[in-house]
1. For labels at Arg22 and Ala35 in the simple 7 Å Cα→Cβ model, what's the distance in nm?
2. Provide the gained length on full extension for the span Glu67 to Trp50, in nm with one decimal, where the gain is 0.36 nm per separating residue minus the Cα-Cα distance.
Amino acid sequence: MLPVRLLREDAGATMQIDERARREMYERLEVVLGARTADALMEHLPPVGWAEVATKSDLAAMRVDLEALGIEWSPKCIVRSPA
């Protein structure tokens, strides 16, 4: 078992991970689990903080805004409606 505290005292809070913390986490994982497993686990983290990741509700709000501007949105592309 890893001697690492994964949750802060205030349960449910999210912790910002900066590059230094990501590197330290990777180095510890590499020591405990090996480079291959550490690489696999790190690939599951977003390249930016979770605050920068769009949620489904963010995308729904963006769709409403785009449609209000006359822009049709689909997951594959953005197409401007004819005027």
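1. Placing both labels 7 Å beyond Cα along the Cβ direction yields 1.9 nm.
2. Working: separation 17, 0.36 × 17 = 6.12 nm, distance 2.66 nm.
Residue separation times 0.36 nm, minus the Cα-Cα distance, leaves 3.5 nm.
No value in this document is a laboratory result; all are computed from the given coordinates. These numbers come from a predicted model, not from an experiment. Virtual Cβ from ideal backbone geometry, glycine too; neighbours counted across all protein chains shown.
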